[in-house]
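Heads up, the thing below is written out as structure tokens.
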Amino acid sequence: MNDYAHRTLPRRGGLLRRMWKARNAYLFLLPALLLLSAIKYYPFLTAFVESLFDWNGVNVNRFIGFANYAELLKDEKIRVAFENAFKVSLATVLINLTAPLLAALLVFRVRSPRLQNVLKVGFIVPLVVPMMVLILLWRWMYAGDTGLINQALDAVGLESLKHSWLGDSSTALGAIVFVGFPWVAGLPFLLYLAGLQNISEDLFEVASMEGATPLRRMIAVELPLLSGQIRLVLIYSLIQSFQVFEAPYAMTNGGPGISTITPSLHIYDQAFNYGRFGYASSIGVVLFAVLLVLTIALQKLIRNSDKID
Amino acid sequence: MKKSNPWTVVFVLALFAVAMYPFFVLLASSFKHQMQIYESPWFFSSPLYPSNYGVAFRQISQPIVHSLAVTAIGVAATLIASATAAFSFARYSFPFKNALYGVIIMLLMIPGFVILVPQFISVKNMGMYNTLLGQALPPAASYTAMGVMLMRAFFEGLSRSLYEAAEMEGARDFSVFARIVLPLSKPIVATVAIMSGLQIWNNFVWSLVVTTGDKVKPVILAIMTVQGGINEGDGVKLAGYVIASLPLLILFFAATKPFVSGLTQGAVKG
């Protein structure tokens, strides 16, 4: 820490006096604290309170205790929504731990600096395209008989597999996860590549002097030194994909039936289509609790596996 | 050691081609009329219809203006709130410093959907429903936590003698901040600006709930309803998707370096 900063912290004097002396420091904090407390923390605290009310956001506002939570336990949509969230995030986590890692390892092995640079930028560009554009593009590719994916199946003689991918409840969720195939061009790729570029050149030289095969080099050098990035991707993708909203909203709106509903979609639907703000808040509270438990469990798991190494 | 394994190159190029192909089809089909999309879906086909872009642009030009305004307001708010708070933490010691820092950083642990509903109520009660400000401030608040963290680290890395020299000259706290610290911090300012700008431009859910009708509709919502006539068909829709992506793509190629660092830093936010 800046020891020069201690100028504003006299050793003597009461708390109030010290606070008064540092008033400029608090003034500088004011914009951030005002913004965060008005728009984030106050709503966060009221989320718990609101979940105890039967509330339509306008005139009806009646305290009902834990009735929302009781209803939630019996809500078939909740069960399906959380199941879907588990499935989607499990798939996303597995995908993000493999496909982009493979791509980053490969790009890192390309020796020509020019080709490597082109590939690097090329794999990053899709990240800049809005998520919604990617989703709408895939919705268009899935659509109908003449959609690109069904046409591709036609072209390679697999007409029998042609399918209304988003319209069939047995394939809709899978089709949503499949968006972005082969899933290499994304944030995880960027993180893995940045990690690889931070590894000291010396380590690779030692590895090659000892005659390590490329596979051995990957297992012994690259993967262990990427463990920080892998951890970050793991937790980041879990939290992000568990809240998946845009793709089911734009591609299936939770259907057919309720086969692709997710907790986020259910919250949105209950609040903004049915005006059930209290009930929607209670789903939010449950979502928070589940994510908190998952994150803590995952971090514990990672820490334990570190000890084994 | 200097030559790549040819199989590596072949494989990585194949992967690249598969990953890029949907974007290529998007671009190619955005120049087509509906019949061409049916008949030759895989590649560009003549004649090209750049007029699709005109039709799409007329439908989303107003939303693009809204999105530009929302993004500008949001980035400005993020930068002001982050830089001032980060300066305070980097330069002063004061009671409750760590607690206050903790309060700001804790925001990173609150998932967006958990507070979607109460945040909507708060913003509505503040009279910001269906306004540019109402769309811009909540995402700006979200990225402020990350912004404070990144900028504090950067400010603490600035040379201490700078502050001392300024102090000798009798510079006031605010002018130290505005005249010395900020001009030396362009890289981190760019990183935070891009990180927040990218997310605010692409923010879908919040704009979906806090706007209605066309008054302040952002482009990310508008592209869902872009439509072409019978002949033009889907080509117009796809042209709209391309247009909505262009501003960020142009910015990316103009400033690749701060962009990449903005993207990487933003990832840490869960």
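The values are calculated or read from the model by the stated rules, or taken from the named source; none is laboratory data. For clarity, every value in this text was computed on a predicted model and none was experimentally measured. Here the Cβ positions follow ideal geometry from the backbone for every residue, glycine too, while neighbour counts run over all protein chains shown. Surface accessibility is based on the protein's heavy atoms, side chains included, excluding ligands, DNA and RNA. Shrake-Rupley method; radii C 1.70, N 1.55, O 1.52, S 1.80 Å.
Quick look at the values:
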read-out: Binned Cα-Cα distance frequencies in the protein assembly as shown - 10 Å width, integer %; value: 3, 15, 24, 26, 19, 9, 3, 1, 0
read-out: Cα-Cα over 21 Å, subset of A:40/B:215; A:300/B:97; A:21/B:186; B:32/B:237; value: A:40/B:215; A:300/B:97; A:21/B:186
read-out: Within 10 Å of each Cβ in B:198-208, the average number of Cβ atoms from other chains; value: 3
read-out: Averaged over B:95-108, number of beta-carbon atoms from partner chains that fall within 10 Å; value: 3
read-out: Segment A:219-275-segment B:149-167 distance, computed between alpha-carbon centres (Å); value: 39
read-out: Probe 1.4 Å - accessible area at residue B:217, Å² to nearest ten; value: 50
read-out: Segment A:157-309: relative contact order in percent, alpha carbon pairs under 8 Å with at least 6 residues between; value: 24
read-out: Mean Kyte hydropathy of -1.0 or more with a Cα span along the axis of at least 20 Å, helices from DSSP in chain B; value: B:6-29, B:51-91, B:132-157, B:186-202, B:234-254
read-out: Alpha-carbon centroid distance for the pair segment A:18-51 / segment A:83-160, whole angstrom; value: 41
read-out: Sequence of A:274, A:249, A:41 when ordered by accessible area, the most exposed leading, probe 1.4 angstrom; value: A:274, A:249, A:41
read-out: Helix-only [θ]222 nm of the protein assembly as shown, DSSP H runs n ≥ 4, -39500 (n - 2.57) each, per residue, nearest 500; value: -21500 deg cm²/dmol
read-out: Interchain or long-range residues, amide H under 5 Å from residue A:53's placed H; value: A:64
read-out: Accessible surface, 1.4 Å probe, highest first, among residues A:177, B:209; value: A:177, B:209
read-out: Chain B, relative contact order [Cα under 8 Å, separation at least 6], %; value: 33
read-out: Normalised contact order of chain A, rounded percent, pairs of Cα under 8 Å and 6 or more residues apart; value: 28
read-out: Whole-Å distance, taken between Cα centres, linking segment B:35-77 and segment B:4-33; value: 22
read-out: Overall form of segment A:74-308 per C-alpha gyration tensor (a/c, 1.5; a/b vs b/c); value: oblate
read-out: Peptide B:5-18, shielding by other chains (average Cβ, 10 Å cutoff); value: 5
